[in-house]
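Below is one structure, written out as structure tokens; the observations come after it.
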């Protein structure tokens with residue numbers, strides 16, 4: 001069996017799955033989705049914007065121009081039919097993200113397409129509220145993100161490892177990895193695995209230095225893994241933990257719940273929206289609260305794994321796709 005191509009942050013995977021599923025339901029139209037690649041880099045970035053100005057990419061007849069993320073919008077010349085908004089952190093955290101002229105230019109280039117798009121879709125009420133605070137009185141629809149609950153599932157042949165914590169890091173400043181490591185250290189006798197290949201050597205060195213102060217903490221950087229391996233880690237770990245200060249949508253906690261793993265999460269709106277009934281929440285500024293929440297989660301009864309999965313099924317594609325189809329019909333798309 002060929003392994004699925006993984007996207008550790010979840011958004012890339014979500015977009016790919018969405019395109020494959022929605023295309024089967026549409027008649028006489030098609031969706032264009034862009035992914036720019038250059039060697040090992042996922043996006044051409046600045047070069048793509050320059051190339052688009054010189055040779056604009058235009059949409060054709062009966063094409064639905066749907067940006068799975070606002071960051072794709074500078075690459076296309078035509079007005080977008082739909083733009084998805086995952087978060088507004090580059091605008092909220094101006095000093096962190098727009099720290100030089102070029103990055104400020106890139107983020108500024110998102111604004112005209114967002115203002116001219118026919119439809120804006122946010123994945124949480126919080127993201128909608130923040131978008132409107134920046135871009136004014138524009139109609140914004142809220143449709144939750146979807147996950148493949150057929151793929152992300154409980155694997156009964158995998159035995160959970162005692163007192164192990166799984167985290168996924170994309171290298172963004174709001175991920176709060178320092179306090180996550182401190183919280184795991186204060187919890188005592190913990191194995192913390194961090195998946196993701198975007199942390200640079202200096203960041204890893206800093207986190208190892210913090211971890212070394214706790215004699216019972218094992219910190220392991222996994223790097224990139226396939227979706228199959230990610231599913232194994234979800235099933236194998238005692239808990240999934242995110243200490244983020246901000247998120248657009250809690251995709252990875254939902255994937256963890258689909259695999260029957262309890263999410264231990266910072267108490268922020270996107271996490272509360274997706275895991276309120278099943279998650280354990282903490283103040284992300286307080287490592288001692290992270291430690292207490294982890295210890296509570298380690299005592300989680302194994303029989304509750306089924307209930308965790310049932311909560312995640314609310315975000316299965318079978319629940320989410322009909323909401324998108326209704327929106328596409330409003331654009332005159334013929335649904336099969």
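The values are calculated or read from the model by the stated rules, or taken from the named source; none is laboratory data. If you're wondering where the values come from, they're calculated on a predicted model, not measured in any experiment. Note: ideal-geometry Cβ built from the backbone for every residue, glycine included; neighbour counts use all protein chains shown.
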Quick check on this structure: which one of 191, 154, 210 is out of contact with any strand residue (DSSP E or B) (no Cβ under 7 Å at 6 or more places or on another chain), more than 22 Å from residue 13 (Cα to Cα) and surrounded by 14 or more Cβ atoms within 10 Å (Cβ to Cβ)?
210
Residue 307 is checked against (1) at pLDDT 90 or above; (2) within 22 Å of the chain's Cα centre (by Cα); (3) surrounded by fewer than 16 Cβ atoms within 10 Å (Cβ to Cβ) and fails just one. What number does that condition carry?
(2)
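Would you mind finding the one in 104, 114 that is at pLDDT 85 or above and surrounded by 14 or more Cβ atoms within 10 Å (Cβ to Cβ)?
Numbers: 104 fails: at pLDDT 85 or above.
Unique residue meeting the criteria: 114.
Enumerate the strands (runs of 3 or more DSSP E) found wholly within the range 232-336, keeping only those where 2 or more residues are under 21 Å from residue 87 (Cα atoms). So that I can check it myself, show each step before the final result.
Details: elements: 239-242, 262-266, 280-282.
Result: 239-242, 262-266.
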Residue that is nearest to residue 252 (Cα to Cα) [pool: residues in the range 136-157 that are without any contact (Cβ under 8 Å) to a residue 60 or more places away in the chain and in contact with a helix residue (DSSP H, G or I) (Cβ under 6 Å, 6 or more places away or on another chain)]
142
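Would you be able to say whether some residue in the range 220-232 is outside the structural domain of residue 328 (by TED's automatic domain parsing), farther than 29 Å from residue 22 by Cα, touching a strand residue (DSSP E or B) at 6+ places or on another chain (Cβ under 8 Å) and buried (at least 19 other Cβ atoms within 10 Å of the Cβ)? Step through it out loud before you land on a result.
First pass over the range 220-232, keeping only residues outside the structural domain of residue 328 (by TED's automatic domain parsing): 220-232.
Pick out the ones that are also farther than 29 Å from residue 22 by Cα and you get 220-223.
This time we only want the ones that are touching a strand residue (DSSP E or B) at 6+ places or on another chain (Cβ under 8 Å), so: 220-223.
Then keep just the ones that are buried (at least 19 other Cβ atoms within 10 Å of the Cβ); that gives none.
No.
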